[in-house]
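One structure is given here, and the rest of the page talks about it.
Bear in mind that the values in this text are calculations on the coordinates, not laboratory data. As the structure is a computational prediction, the values presented were derived from the model and not from experiment. A quick note on method: Cβ atoms are made from the backbone with ideal geometry, for glycine too, and the neighbour counts reach across all protein chains shown.
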Amino acid sequence: MAMIRLRTLLLAVAGTALLTAAGYRVVTYTNLNPGQEVGAVVDEFNGVKVYYNGGVNNSEGRNLSRDGYNLGIKYQCVEFVKRYYFERFNHRMPDAFGNAKDFFDAATPQGALNAKRGLVQYRNGEAEKPQVDDLVIFPPTLFNPYGHVAIVANVTEREVEIVQQNPGPFSSSRARLALEAVDGRWTVAGSALGWLRPVAALSSAAISP
């Protein structure tokens, strides 16, 4: 009897896991918003378009520049930020691949060059305030193992506005995050890991050796 109960329990657990996995796939790969079409332009920042992607794990193929530089998977968050930096700054990342979480290098010191991205890296909660055009990196979550990236669109003393691609079928391309300064250290809410900045946007004195 005990073995039958155990087998029944295991079957129930397995069934629940299968249903959960199937539900996750449907929700994250399917466009659940009938009011939007995948590939439609939903926003624009500094002349760079933001496209609608439907389910956050949806893929519309790889986007390449004319000369073959990898801009990312359409229309993921990574594709937008790489395309933004390519079109606005003619910036090519030395490492042209990787998920959003890979854009932040924990081994890179504050204010030093992130070699894989070719951008200067700052940590959240340190002495560098975010600036417009910075690339902001967010860590993985329980339902998003890839992390998230966005571009800073506006900064005030208390708030950072970001523009993002692929936030989900019902989420906005714009989001506002609280910004707090304590003892000269700037913290962006929302668990941001930090932000990256083009070298050309800095004076040579601002880059740590």
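What the table below lists for this structure:
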{"quantity": "Convex hull volume per residue in cubic angstrom - Cα atoms of region 99-209", "calculated": "108"}
{"quantity": "Extension gain from A178 to L32, taking 0.36 nm per residue of separation minus the Cα-Cα distance", "calculated": "49.6 nm"}
{"quantity": "Loop-located chymotrypsin sites (Phe, Trp or Tyr not before Pro) in region 107-209 whose Cβ has at most 13 other Cβ within 10 Å (DSSP)", "calculated": "F143, F170"}
{"quantity": "Loop chymotrypsin sites (Phe, Trp or Tyr not before Pro), region 24-82, which have at most 16 other Cβ atoms in a 10 Å radius of their Cβ (DSSP)", "calculated": "Y69"}
{"quantity": "Efficiency of FRET between R62 and E157 - r from beta-carbon atoms, R0 30 angstrom, step 0.05", "calculated": "0.15"}
{"quantity": "Theoretical gain in end-to-end length, V132 to Q110 [0.36 nm per residue, Cα-Cα removed]", "calculated": "6.1 nm"}
{"quantity": "Value of Rg to Rh for region 17-166 (Rh from inverse mean 1/r over Cα pairs, i.e. Kirkwood)", "calculated": "0.98"}
{"quantity": "Within region 60-187: Cβ-based charge dipole about Cα centre, in debye rounded to nearest 20 (Lys, Arg +1; Asp, Glu -1)", "calculated": "360"}
{"quantity": "For region 58-136, radius of gyration divided by Kirkwood radius, i.e. Rg to Rh on alpha-carbons", "calculated": "0.98"}
{"quantity": "Rg and Dmax [Cα atoms of region 117-168; Å; Rg one decimal, Dmax integer]", "calculated": "12.0, 32"}
